[in-house]
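Reading through the structure tokens given below for one structure.
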Amino acid sequence: GAHAMVRARFDLYVRYTVEIDLNNFFATYAQLNQRVNTEFEWVLREFIPNLVISGCSGAPGVGAVSKSLLNADADLQGYQQQMASTGALVFEVHIPDNRMNGVAGNFQQVFTANQKQVHVLTQQITTLRQQGQGLQEGTAFLVKAASCAESPQQLMALVQQHGLAPCVTALQGNPQDQWTQVTGVRTILTYCLAKPQYLQELHQTNGFESVLTALRTFPHDMSLVPMGLQFFSHAATHQEYRSQLVTLGLMPVLIQVMQAHPQNRDIQHYGIVTIASLCQSPDPAHIAAVLENHGVSTLISALGAFPQHPDVNITTMRALHTLLMHPEAAAQFVQLKGVSAMMQLICQSNDPQLVYLAFGCLAGLWDIEALRPQMMELSNPPAILKVMHMFPQQAEVQIAGLRLLSVMCLENPNNQALIAQNNGIPYIIRALKQQTDATEEARDLVHQGVRLLAGLSKHAQCRPIIVQHQGVTVVVEQMTRHLAHAGVQQTSLQFIAAFAAVPEAGPVLTKFGVVDAILQACRQHPNDYSVILHSCFALGSIAQVKGLKEVMGVKAIEALLQALYCFPRDGDVVEQACAALCIISELDRNQEVLISKRVADGQFGICDALNNTMVNLAESQGAVKYALKLVANLGVNENVKQVLSQFGMLGPIASVPAGHLSDAAIAYYWMKSLIVLMHPEPPAGSEEACKGFATIVIGCMSQFRGAESYIGRIQEAGCELLALMAWEEDLIEHMIGNQSIPAICYALKTWQSDMGIARKGCRALANIAESENGRVAIREAGGIQAIVEAMRFQLKHPEVGEQGCAAIANLALNDECRVAVAQADGIKACLAGLKMHLNHPGIQAYGLGALGNLAAHEGNCIIILQAGCIEMLVRVMQTWPDEARVQHFACMAVSNLGHDDSNKVQLGKVGVNRLVVGAMNRHRDHSGVQEQGCGALANLSIHASNMNEIAQIGGIEMVVDALKRHMQHPGVQENACFALSKFIAMPNEAYRQRMRSAGALEVLGELGGLNLDFDVKLCVRVLLRRLNEQGPPVPPVQSQQPPQQGQGPAAPGAGANSAAFGVRSQQGIGQGFSQGFGMRPNGVVGGQHGAAVVGLA
């Protein structure tokens, strides 16, 4: 049905508005589109079928307006029903992007055509006037105008009756007549000053050019020139005429006239007003005109030229205030000694408005980076302070002065010291103290004052004065007073951050509750970018102050997490927040808090923030760097590391763009974050990712080569990460192929003096040497020489010797490597480390392991024995009875050294039999000790005297016990069976009975059912057969019981003294590290103990 009259408003976004009355609502969207095209036909110039139309809840710009896009009839009907009760519809109309250029093109064509037509007509009129057309009427008009000179009302009536055309005609028709020009300009000036719209009338008659011609023709006429300049100063205040004035060539004439009359107050005043108006134009051509025509030097000349006329100085200063915003003008001003002229003027002035404008100009010059060096030479902080003292009650002067001083002090120690030396700091703090209300002026003064203190606090001479005059207290008080003012909070935070960087800051900042003030600012302005950014920076700064990190705790962490949540896509906020958390999380308890704390109703935690940073803020290098550093810090805590791993943090780290890794810091923290997450070994299922990581690591190590210390840290981290990845057997082959070994060798050779690189490089090669291909590749790449040189250069550091010995131990599984190690003096290096660090169990363990494997080569064995290895071996086993890895490798060394008959005798004589049995007894559950202990007993017991002693001290029972406890261990299976075979091979029924009593039949029977190597299976069959045979009667001899666990060998008992024979290895039992049942040497990864693989076979 019909509706009442509806008022509809169309806003063509939102420049053009049409309001119409409708008899009814629109029935269809097409009808609406048609009506809009009709109403705006004069704008659109063509029918546009797809206008973008939105229905609005009210007129644009009036309160909060909601709008909905109308795409179909249903949308339109719904909107009209919603607005039915108001009786008004408001539509916002946008021209589609694809039609925008067409509409603009239509307007441009019409405008260009009209401009051309106007120009043609103007030229025709000017020509006619110059030919004398209308001159008689124009002259008559000016005669009448001259008679009205004393009565502006009569003159206005005359012009309104005849218009300005006769006046302009006279000016153009008789340009050389002075009376005509003076009278005509006076008439135009009087008429146009009356109302702004009269300028349009003059513009249409081409009168602007006539006035300019008069000035150009009679530049020294003191009655004409002031009137002409007054007219142009009036016209230039109107934006629509400025372009024509510049085009007509006003500036050269203006400057010429001003320079011709430097002492005429009116001429200078009106000229400066004109220049000031042109400087306010957004059109760069207007500024260019001022600069090209010496406008800057003209303004400088006017400064202070009229001390009795402050309006000229004020006008000049306003013109400069605008002009100096342009860098080219500012450079000219400084070059032409404008700064000195301005300083001289304000030091003599008693006008606060003038001083205020001058301070603003000078601050603007300081803000231009390219002018800083010149401004530093011209700066005079004491003079600024003196001027400020002259106007203590003028808030705007104080505010502008403080801002000027703050930019003068920025990164300028000389100016900072001058302010301190001239009692500027007490003055500033006193001014801040006096601001006890919350007015806008007070806030502005506090804002600039605190900003200045922030700059001053960076200077050692200034800081004690700030503390002495309670500057920190004042700043914190003003932060609280102006909590709602974001600007005050921002500058206060800058002050706190700057002050926190000094040693004496700790007690002061702690005493005055600075942390609470920062957190209060965060809570008050959670969505203010500047406040949050500087809060994060301030928290990071004060976290470095001794004692403050400990008190920041939960609230600070929560504030930083909230910042990461509110500004997830802002690289600067994320960078500063992550940097602050890096420092705060250096405390273990803060790490636990950070990983468990969540904000946004529990929806957002640090893992989410780190993931967001590395995935969605990948372009922000600073944010990514500190996110990686935070992961590296947090990951050293095992509980936190578990959470990071469960979140899948390796994924975000892998997504960091490869281009960022050209930044040394990012490359370093990228590797460190991977190190902590992958320690002690890469997580299951990460093999493919690790292959990619290894390739990137090699790229980083190859890219960053040199002597700088930060490059050393990258090389160290690379070695450490490669060592961890080499833990996985499947990754070793990949690492061999991607040049990992040459990269590690380069690091070791280049950075011999760096203990961290030496230790971690040796560990990486030790792990790679678990593979036979790895051993060959290391030898071919010169790795053996690199390891030995590292051990020799870092002899005083047992950690390097420990890892170097582990690497040599693994390399010595290869025959050619054994020879190469000896040729490189590797044996000497191992022996030197063992002798130097008698109290370090790690190097003692792996040193013996290395010597044991090297001794498999006959020539090496001789060298090792001649160096006193047996005595060393005894001492080590006696010194470290409870250190399993020491006993493990000591037994292995005994096994290999005991392969030679003469060595067997010597080992037995010095008590090695008892030491081996004692080690096995103390470490019954350690498979490595049991394996190598059985091997040692097997080789030693071949000699009759050793066999008797071993039997007497319970060695037989110990071997059977080892087999019981470690039946599934291949090494124990083999060595234990071969050891028992030595005793069963002797025609000694007592040994056989003791084996039976110890349970050998049962354990061998069970062992025979397992999947054994051929040699071991054969040995088990022989042992079972011999144990089941009926032997001759044995005299009743008390069986030797094995010693109790944890005790030394039992007292000697009965035993046979016959020679031993049986199966044995040509190279000795237990030469290598590759069977996977060895110890892992200790190393340090991110503050925690890490490992390199060393297996003893």
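Bear in mind these aren't lab numbers, they're just calculated from the coordinates by the rules spelled out. Everything quoted here is computed from the prediction, not taken from an experiment. For neighbour counting, all protein chains shown are included, and Cβ atoms are generated from backbone atoms with ideal geometry for every residue, glycine included.
Can you tell me what share of the DSSP beta bridges in the chain is antiparallel? A percent to the nearest 5 is fine. Please list the in-between numbers first.
Details: 22 of 27 bridges.
Given both bridge residues lie in the chain, the antiparallel proportion sits at roughly 80 percent.
Calculate how large, on average over all directions, the projected area of the Cα convex hull of the stretch 301-363 is; give the answer in nm² to one decimal.
Numbers: hull surface 14.7 nm².
The number I arrive at for the stretch 301-363 is 3.7 nm².
Full-extension gain between Asp925 and Thr473, please, as 0.36 nm times their residue separation minus the C-alpha to C-alpha distance. It would help to have the intermediate numbers written out before the result.
Values: separation 452, 0.36 × 452 = 162.72 nm, distance 6.57 nm.
Extra length from Asp925 to Thr473 when fully extended: 156.2 nm.
Once all Cα-Cα distances of the stretch 6-103 are split into 10 Å bins that start at 0, what whole-number percent is in each one?
All Cα pairs considered, the percentages come to 15, 54, 27, 3.
Can you tell me the length gained on complete extension of the stretch Asp572 to Leu69, counting 0.36 nm per residue apart and subtracting the Cα distance?
Details: separation 503, 0.36 × 503 = 181.08 nm, distance 3.58 nm.
So the extension gain works out to 177.5 nm.
Ranked highest first by the average count of other Cβ atoms within 10 Å around their residues, in what order do 399-405, 708-714 fall?
Details: 399-405: 26.0, 708-714: 16.6.
Those peptides, ordered most packed to least, come out 399-405, 708-714.
Cα convex hull of the stretch 596-671: how many Å³ per residue? Don't skip to the end; give the middle numbers.
Working: hull volume 6.3 nm³, N = 76.
Hull volume normalised by residue count: 83 Å³.
Could you rank the peptides 518-529, 408-419, 684-695 by their average count of other C-beta atoms within 10 Å per residue, with the highest value first?
Values: 518-529: 18.6, 408-419: 20.2, 684-695: 15.7.
Most protected by this proxy first, the peptides run 408-419, 518-529, 684-695.
Explain nothing, just the number: relative contact order of the stretch 6-103, from Cα pairs under 8 Å at least 6 residues apart, as a whole percent. Mind showing how you got there, number by number?
On the way: 138 pairs, mean separation 37.3, N = 98.
Once divided by the residue count of the stretch 6-103, the mean separation gives 38 percent.
Rounded to the nearest 0.05, what FRET efficiency is calculated for Ala84 and Asn380 with R0 set to 51 Å and r the Cβ-Cβ distance?
Details: r = 71 Å, r/R0 = 1.39.
It comes out at approximately 0.10.
Relative contact order (percent) for the stretch 209-292, with alpha-carbon contacts under 8 angstrom and 6 or more residues of separation?
Values: 72 pairs, mean separation 27.2, N = 84.
Relative contact order of the stretch 209-292: 32 percent.
State, in angstrom, two size descriptors of the stretch 888-1038 derived from its alpha carbons: Rg to one decimal place and Dmax to the nearest whole number.
Cα only, the stretch 888-1038: 14.3, 41 Å (Rg, Dmax).
Quick one: Karplus J couplings for the stretch 685-699, per residue in order, coefficients 6.51, -1.76, 1.60, θ = phi - 60°, nearest Hz, x for Gly and Pro?
Result, rounded to whole Hz: x, 9, 4, 5, 4, 5, 4, x, 4, 4, 5, 5, 4, 4, x.
Taking Cα pairs under 8 Å and at least six residues apart, what relative contact order does the chain come out at, in percent? Could the numbers behind the result be given before it?
On the way: 1752 pairs, mean separation 50.2, N = 1097.
Reported as a whole number, the value is 5 percent.
Given axes a ≥ b ≥ c from the Cα gyration tensor, I'd like to know whether the stretch 140-214 is rounded (a/c under 1.5), prolate (a/b larger than b/c) or oblate. Don't skip to the end; give the middle numbers.
On the way: a/c = 1.69, a/b = 1.11, b/c = 1.52.
Judged from the Cα gyration tensor, the stretch 140-214 comes out oblate (a/c at least 1.5, b/c at or above a/b).
Output the peptides 845-855, 667-677, 769-779 sorted from most to least packed, where packing is the average of other Cβ atoms within 10 Å over each peptide's residues. It would help to have the intermediate numbers written out before the result.
Working: 845-855: 31.5, 667-677: 26.3, 769-779: 22.0.
Result, highest mean Cβ count within 10 Å first: 845-855, 667-677, 769-779.
In whole Hz, what ³J(HN,Hα) sequence does the stretch 42-53 give by Karplus (6.51, -1.76, 1.60; θ = phi - 60°), x for Gly and Pro?
5, 9, 6, 6, 7, 7, 10, x, 10, 4, 8, 10
So, counting K/R as plus one and D/E as minus one, what does the shell of residues with Cβ under 13 Å around Gln621 add up to?
Counting the neighbours of Gln621, the net charge comes to -2.
For the stretch 521-659, list log₁₀ I(q)/I(0) at each q in 0.18, 0.21 Å⁻¹, using the Debye formula over Cα point scatterers of equal strength and ignoring solvent, two decimals each.
Scattering profile of the stretch 521-659, log10 relative to I(0): -0.96, -1.32.
Nearest-5 percent of antiparallel DSSP beta bridges in the stretch 6-103? Please list the in-between numbers first.
Details: 16 of 21 bridges.
Once the DSSP bridges in the stretch 6-103 are tallied, antiparallel ones form about 75 percent.
Send over the Kirkwood Rh of the chain, from the inverse of the averaged 1/r over different Cα pairs, rounded to one decimal Å.
It works out to 38.5 Å.
Fully extended, how many nm does the chain gain between Val554 and Thr480 (0.36 nm per residue separation, minus their Cα-Cα distance)? Intermediate results must be reported in sequence, preceding the final value.
Working: separation 74, 0.36 × 74 = 26.64 nm, distance 2.16 nm.
Net length gain for the segment: 24.5 nm.
Using only Cα atoms, tell me the angle between helix 239-248 and the longest principal axis of the chain; keep it within 0 to 90° and round to the nearest 10.
Its long axis makes an angle of about 80 degrees.
If I fit a long axis through the Cα atoms of helix 1014-1028 and take the longest principal axis of the Cα atoms of the chain, what angle between them do I get, 0 to 90°, rounded to 10?
40 degrees
Can you list the residues, at least 5 places off or on another chain, whose amide H is less than 5 Å from the amide H of Leu89, using H built in the peptide plane?
Those lying under 5 Å, H to H, from Leu89 are Arg7, Ala8, Arg9.
Would you calculate the separation in nanometres between label points at Glu369 and Glu150, each defined as 7 Å from the Cα along the Cα-to-beta-carbon direction?
In this crude spin-label approximation the distance works out to 6.6 nm.
Could you give the size of the charge dipole of the chain about its Cα centre, using +1 on the Cβ of each K and R and -1 on the Cβ of each D and E, expressed in debye and rounded to the nearest 20? If you can, show how the numbers build up before the last one.
Values: 73 positive and 87 negative charges, 392 e Å.
Here the chain has a charge dipole of around 1880 debye.
In nm, give the distance between the simple-model label positions of Lys511 and Gln308, each being 7 Å from the Cα along the Cα-to-Cβ direction.
In this crude label model, Lys511 to Gln308 measures out at 5.8 nm.
The stretch 233-320: Rg/Rh from Cα coordinates, Kirkwood Rh? Intermediate results must be reported in sequence, preceding the final value.
On the way: Rg = 11.9 Å, Rh = 12.7 Å.
Rg divided by Rh gives 0.94.
Round to the nearest 10 and give me the degree value, 0 to 90, for the angle of helix 178-194's Cα axis relative to the longest principal axis of the chain.
Once rounded, one gets 60 degrees.
For the stretch 168-286, what does the equivalent ellipsoid look like in terms of its semi-axes, each the square root of 5 times an eigenvalue of the Cα gyration tensor, given largest first in whole Å?
Details: eigenvalues 78, 62, 31 Å².
Semi-axes, largest first: 20, 18, 12 Å.
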